Amino acid sequence: MTQEKKSEGGRPDPRALLRANDLFRGLDETALDEIVALGYSRPMRQGDVLYLQGDPGDCLFVILAGEVRISANGPDGQELHLNTLSAGDVMGEIALMDGGTRTATATATRDGRLFRIDRVDFLGLAERMPEISWQLLQLLCKRVRWTSTLLADSVFLSPEARLAKRLLAIAAATGTPAEDGYEIRLSQTELAGYLNLARQFVNRMLQSLQSDGIVRLGRGRMAIRDPDRLLKLAAD
């Protein structure tokens, strides 16, 4: 679970989160001050659509607090949930670099705060600080590897293994400790969207996991009670 760093005024501290982010890690305080001066923060509310697939890629976002779902729509209008991002994560970097349109839609799933840097300002910054361009390239490579893994999982893993692997990934990114494990805020409909499976089928798999004592289901959330057994299922 990502911890949100607070400034003296109680708001998330952009410098602290930028310092810990893969894209800006290793920059000195002067460089971080310049980045913070270029951008600005704004609140986001649960349900806000931050940008739509196909929108112009005119800025980069860093999540200061809260949670964002990344999704894509197919030609038939079906929504596929790709990822869940939380405090410290960067989003919008692909369209930022190539000047094209957004490859996915970003929707706030929890109240929070965003830090925005406009494309023209970021590109100017990258020219002055070549190390940022190199780190952005590494970040893009991580995204490509992650996408390739998703594709391979959809082809080679069973639905049960994909479900287990996705639950573990979400718990690692956004889970909170609970009395009987780690709790994640996620509806079965959202989980079905991540897996590109029918909700009824996902529900049957979850009910089986609950009967085995591996998860506990709740309304709009669930708890992972036995991550070791879930990890074994993900490897099968």
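Output the residues belonging to the range 103-121 that are surrounded by fewer than 16 Cβ atoms within 10 Å (Cβ to Cβ) and aliphatic (A, V, I, L, M).
Once the filter is applied, which keeps residues that are surrounded by fewer than 16 Cβ atoms within 10 Å (Cβ to Cβ) and aliphatic (A, V, I, L, M), the range 103-121 yields only Val120.
Could you count how many residues in the range 51-82 are closer than 18 Å to Leu23 by Cβ and free of Cβ contacts under 8 Å to residues at least 40 places away in the same chain?
Of the residues in that region, 1 qualify.
For the range 186-236, how many residues are of a type in the set (Ser, Thr, Tyr) and over 22 Å from the mean Cα position of the chain (by Cα)?
Within the range 186-236, residues that are of a type in the set (Ser, Thr, Tyr) and over 22 Å from the mean Cα position of the chain (by Cα) number 2.
Does Asp111 satisfy the condition of being touching a residue at least 12 places away in the same chain (Cβ under 8 Å) and either of a type in the set (Val, Ile, Thr) or in a strand (DSSP E or B) (or both)?
So Asp111 passes the test.
Run down Gly100, Gly124 and say which single residue is open to solvent by 10 Å² or more (accessible area, probe 1.4 Å), of a type outside the set (Ser, Thr, Tyr) and either closer than 30 Å to Leu197 by Cβ or touching a residue at least 40 places away in the same chain (Cβ under 8 Å) (or both).
It is Gly100.
Out of the residues in the range 31-42 meeting the condition of being open to solvent by 60 Å² or more (accessible area, probe 1.4 Å) and either assigned to a strand (DSSP E or B) or of a type in the set (Asp, Glu) (or both), tell me which one is nearest to Arg15 (Cα to Cα).
The residue in question is Asp33.
Any residue at all in the range 186-204 that is farther than 25 Å from Ser71 by Cα and either open to solvent by 80 Å² or more (accessible area, probe 1.4 Å) or not charged (D, E, K, R) (or both)?
no
Kindly list, by first and then second residue, each pair from a residue in the range 33-50 that is under 11 Å from Leu114 (Cβ atoms) to a residue that is loosely packed, with under 12 Cβ neighbours inside 10 Å, limited to pairs with Cβ atoms under 6 Å and residues at least 6 apart or on different chains.
none
Exactly one condition in (1) within 18 Å of the chain's Cα centre (by Cα); (2) of a type outside the set (Asp, Glu); (3) surrounded by 15 or more Cβ atoms within 10 Å (Cβ to Cβ); (4) at pLDDT 85 or above is not met by Leu52; state its number.
All conditions pass for Leu52, except number (3).
Looking at the range 214-228, which of the residues that are in contact with an Asp or Glu (Cβ under 6 Å, 6 or more places away or on another chain) and open to solvent by less than 40 Å² (accessible area, probe 1.4 Å) is nearest to Pro159 (Cα to Cα)?
Ile214
State which residue is modelled with the lowest pLDDT when the search covers only the range 170-185 and only residues that are part of a helix (DSSP H, G or I) and surrounded by 19 or more Cβ atoms within 10 Å (Cβ to Cβ).
Looking at residues that are part of a helix (DSSP H, G or I) and surrounded by 19 or more Cβ atoms within 10 Å (Cβ to Cβ), I get Thr174.
Evaluate the range 92-104: report whether one residue or more is in a strand (DSSP E or B) and within 17 Å of Glu34 (Cβ to Cβ).
no
The values are calculated or read from the model by the stated rules, or taken from the named source; none is laboratory data. A quick note: this is a predicted structure, and the numbers were derived from the prediction, not measured. Positions of Cβ are backbone-derived with ideal geometry, glycine not excepted, and every protein chain shown enters the neighbour counts. Just so you know, the surface numbers come from the protein's heavy atoms only, side chains and all, with ligands and any DNA or RNA stripped out. Shrake-Rupley method; radii C 1.70, N 1.55, O 1.52, S 1.80 Å.
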